[in-house]
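Since the structure comes first, as structure tokens, the remarks are kept for the end.
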Amino acid sequence: MRAIVVTPGSEAPHVREIDRPDPDPGEALVRILRVGIDGTDHEVIAGGHGGYPEGASRLVLGHEAIGVVKDPNGSDLDAGQLVVPTVRRPVEGGPTDYFERGEPDMAPEGHYVERGIAGAHGFMAEYVTSPAEFLVPVPTALAETGFLIEPISNVEKALTLARASRSAFEWDPESAMVLGNGPLGLLAVGLLRAAGFDRVYCLGRRDRPDPTIDIVERLGATYVDSREDTLREIPDVHEPMDLVFEATGHAPHAFETIDLLAPNGVGALLGIPGDRSITLDGGRLHREFVLSNKALVGSVNSSVPHFRAAIDTLEAFPEWLAEDVITDVFAPDEVESAFETGDDRIKSVIEFDTL
Ligand SMILES: NC(=O)c1ccc[n+]([C@@H]2O[C@H](COP(=O)([O-])OP(=O)(O)OC[C@H]3O[C@@H](n4cnc5c(N)ncnc54)[C@H](OP(=O)(O)O)[C@@H]3O)[C@@H](O)[C@H]2O)c1
């Protein structure tokens, strides 16, 4: 079967013929339909993030997938059921406590591998196997868009952590801002609108015409250009934000979010920057943070409940949203084009098969 792999020393991902996997006891065999590409895949390809499975000379890429159960292999799943796999798996022979309590997304490094990212093969292949407990059933209507459930689930988790940090008092957020108009940022804007936020803003650094700005505005959100307004100015120009999702990976934003928040507000940090030194007035920000009861939470990965919430969110999206976010669909043999980037491209997906 065909799989899309990276090998040490080869910069570009390419198609390889590999053996179709046989499910172990407790695992199901899944026929993959579509696998999305995101920034993490590019970081893995560049060698800046993740790594190969132990002893392997290649890594099958892909962590945003949707497929169909081909062989339930004695599990609770039915053949033909549409499923989305979660990403984290226990380290062989390692601790499993976070997995046993259903919270692998909270496990510290060393307690997990990540399929298609770090230490385990991913889902960019015609068939994959997975323990059934990590396959989340999905309604058939989501066959073409369901690979977006994984990135949406990352935002669901961040929202859960943000709400939890404000649960000790009556918190009734009205305004929200997403920093970043990449795929994650746009899905976060869609999620906030679907969750009933009326006043949503999205920060970018693009000129019009631009397809991401079109999506932001079609969602009824306000586009804000970071080249015109700094995060510190936005509360005066627009309004202070009760909730902020940081999804740029621009390191200063993590700290400048304190200025952007309303009293009692919370910022959820999703972006993953490289090393970078920055200069800021730490005393002022620290004081503002404390005296206004603000909170910042970091959030990475997601677990089954976040995937389930993401299914509801994807179903609640206006129909055009997934269509506009998924700008490019490629066959596996078009792998070279699939990994190209550009301002007119939002989310690329590799289609291995259809329902
Ligand atoms: N925590 C998690 O679980 C998780 C999961 C997935 C991804 N991530 C991380 O989340 C971040 C967003 O993901 P993504 O896939 O959407 O990444 P992406 O495609 O790199 O998008 C980032 C967006 O932020 C914009 N941006 C960067 N700096 C900016 C600035 N100073 N002002 C305004 N806009 C700025 C970029 O604009 P341009 O396109 O115009 O350059 C881009 O559209 C990444 O860091 C990614 O690694 C985290």
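Bear in mind that the values in this text are calculations on the coordinates, not laboratory data. Predicted model only: the values in this text are computed from it and were never measured. Reconstructed Cβ throughout: ideal geometry from the backbone, glycine too, with neighbour counts over all protein chains shown.
Hey, could you get me the Stokes-Einstein D for segment 152-298, Kirkwood radius over alpha-carbon pairs, 10 °C and 1.306 mPa s, rounded to whole µm² s⁻¹? Intermediate results must be reported in sequence, preceding the final value.
On the way: Rh = 15.2 Å.
Stokes-Einstein gives a translational diffusion coefficient of 105 µm²/s.
The ellipsoid that matches the Cα gyration tensor of segment 44-113 has semi-axes, each √(5λ) in whole angstrom, of 24, 19, 12, with the longest given first.
Rg/Rh for segment 294-355 to two decimals, with Rh computed the Kirkwood way over all alpha-carbon pairs. Looking at segment 294-355, the ratio lands at 1.07.
Given the Cα-Cα distance of residue 109 and residue 79 and 0.36 nm per residue of separation, how much length would full extension add, in nm? Present the calculation step by step, with values, prior to reporting the outcome.
On the way: separation 30, 0.36 × 30 = 10.80 nm, distance 3.44 nm.
Extra length available between residue 109 and residue 79 comes to 7.4 nm.
Extending 7 Å from Cα along the Cβ direction at residue 56 and again at residue 169 yields two label points whose distance is 4.8 nm. Springs between Cα atoms under 10 Å define the GNM used for the chain, and in it the highest mean-square fluctuation of 38, 105, 210 occurs at 210. Between residue 354 and residue 238, residue separation times 0.36 nm minus the direct Cα-Cα distance comes to 37.3 nm.
Across 142, 187, 243, mean-square fluctuation computed from a Gaussian network of the chain (C-alpha pairs under 10 Å connected) peaks at 142.
Kindly identify segment 116-183 as rounded, prolate or oblate by the Cα gyration tensor criterion: order the square roots of the eigenvalues as a ≥ b ≥ c, call it rounded if a/c is under 1.5, otherwise compare a/b with b/c, prolate if a/b is larger, else oblate. The shape class here is prolate.
Here the gap between residue 341 and residue 22, fully extended at 0.36 nm per residue and compared with their Cα-Cα distance, gives a gain of 111.4 nm. Considering only 56, 268, 338, the Gaussian network model of the chain with Cα springs below 10 Å gives its largest mean-square fluctuation to 56.
Bridgeable lysines around residue 157 (alpha carbons under 29 Å apart, same-chain partners fewer than 8 residues away excluded): 294, 347.
Could you list 123, 307, 317 in order of exposure, starting from the residue whose Cβ has the fewest other Cβ atoms within 10 Å? Can you show the working numbers first?
Working: 123 31, 307 24, 317 20.
Arranged by neighbour count, lowest to highest, 123, 307, 317 become 317, 307, 123.
Helical content of the chain, expressed as a calculated mean residue ellipticity at 222 nm, amounts to -7500 deg cm²/dmol (DSSP H runs of 4 or more residues, -39,500 (n - 2.57) each, divided by residue number, nearest 500).
Label point 7 Å out from residue 214 along Cα-to-Cβ: which residues of segment 299-333 have amide N under 11 Å? Backbone N within reach: 324-325. Compactness check for the chain: Cα Rg over 2.2 N^0.38 Å is 0.99.
Distance between the 7 Å Cα→Cβ label points at residue 11 and residue 46: 1.2 nm.
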